[in-house]
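I have placed the structure first, in the form of structure tokens, so that the comments after it can refer back to it.
Values in this text are rule-based calculations from the coordinates and carry no lab data. Nothing here was measured: the structure is a model prediction, and the numbers come from that model. All Cβ positions, glycine included, derive from the backbone under ideal geometry; neighbour counts span all protein chains shown.
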Amino acid sequence: MKNITIICNWKLNGNKKLINIFLKKLINFFKTLDEHKKKYIKVIFSPPILYLDYSYKIINKNKEIYLCSQNVDINENGSFTGEISAKMLKDIGVSYVILGHSERRKYHNESDYDISEKFFSVKNNELTPILCIGENLNDYENLKTEKICISQINTIIKKYGIEIMFNSIIAYEPIWAIGTGNYASKEHINKVFNFIKNYLNSFCDNINNKIKFYYGGSISSYNSEDLINNNIIDGLLIGKSSLYIDEILNIINNYIK
Ligand code: PGA
């Protein structure tokens, strides 16, 4: 059995009541698991930033659940009205930050350059970046997937060197799979990850031990087993299905049964 991490990306959804119910059920579920099984599963909870501090108080010192921000600013402090820094996220007990999500690229015009600056700030504050990459349908159909993914990673490597990627997570999230009910086939995911790994290995050895590779896009309890059983995948980034605690518990139960 391999270690598996499940990221629950709540996007712009939820409220205190729903978060409370979700986290308490999750905590109680982990209490029922035997120690042996427990150590293979980790959940990363990513509510709207506003609720991170509230969530932290519920999770307390629970070792199976970690907190993740859906965004961060480039700057650490100063006159940047409305922004939140990596330093502040660290201060309230957050461990991970999602960067480069296609919704932020689309609705907030985030460029690869912006993302590379955020990546630096996150690493500089000893948080773990979850770098989302992936192509749109047009690029997928025109066989440009690998080219797009590499260019999204390259801006960071060119500016800061390969070392900055160590101990981070790369989440492959094809845009055509997010929220559509279509998910990428095993063959496609393996082809993309193998290409990326070979590329990264051209900078340094043993990339498998230095970077984790996750998949995201229309994951539910119906397809999670296939994805988890694919050895190339270290974790799942789940959007819509993660709003339902029963879905998350089914996904975990299907894996550990
Ligand atoms: P989805 O979203 O699971 O609803 O497709 C995934 C994501 O955007 O991270």
Given H placed on each backbone N at 1.01 Å, which residues far from Ile219 in sequence or on other chains put an amide H within less than 5 Å of it? Gly239
With x for Gly and Pro, the residue-by-residue ³J(HN,Hα) of the stretch 16-21, computed from phi through the Karplus equation 6.51 cos²θ - 1.76 cosθ + 1.60 at θ = phi - 60° and given in whole Hz, is 4, 4, 5, 5, 4, 4
How big is the charge dipole of the stretch 4-256 about its Cα centre, in debye rounded to the nearest 20, if each Lys and Arg gets +1 on its Cβ and each Asp and Glu gets -1 on its Cβ? 640 debye
Any residue on another chain or 5+ positions along whose placed amide H is under 5 Å from the amide H of Glu110 is listed here as Arg105
What residues qualify as long-range amide H neighbours of Phe45, i.e. H under 5 Å apart, gap of 5 or more or another chain, H built at 1.01 Å from N? Cys8, Tyr66, Leu67, Cys68
For Tyr183, Tyr172, Tyr140, ascending order of other Cβ atoms within 10 Å (fewest first) is Tyr140, Tyr183, Tyr172
Based only on Cα atoms, what Rg/Rh ratio does the stretch 135-257 have, Rh being taken as Kirkwood's radius? 0.98
Once the Cβ-Cβ distance between Asn254 and Asn75 is put in as r, and R0 is 41 Å, what FRET efficiency do you end up with, to the nearest 0.05? 0.45
Proxy reagent accessibility, fewest Cβ within 10 Å first, across Leu12, Leu200: Leu12, Leu200
Determine ³J(HN,Hα), in whole Hz, for all residues of the stretch 24-37 in sequence, where each value follows from phi through the Karplus function 6.51 cos²θ - 1.76 cosθ + 1.60 and θ = phi - 60°; x replaces Gly and Pro. 5, 5, 5, 4, 5, 4, 4, 5, 7, 7, 6, 4, 4, 6
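Out of the stretch 11-55, which trypsin sites (Lys or Arg not before Pro) are coil in DSSP terms and have no more than 10 other C-beta atoms within 10 Å? Mind dumping the intermediate values first?
Details: sites: Lys11, Lys16, Lys17, Lys24, Lys25, Lys31, Lys37, Lys38, Lys39, Lys42; in loops: Lys11, Lys39.
The qualifying sites: there are none.
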May I ask you to sort Cys204, Cys149 by Cβ crowding, counting other Cβ atoms within 10 Å and putting the fewest first? Cys204, Cys149
Semi-axis lengths (Å, descending) of the ellipsoid that matches the C-alpha gyration tensor of the stretch 4-256: 26, 23, 17
Sequence-separation-based contact order of the chain, relative, with Cα cut under 8 Å and 6+ spacing, percent: 19 percent
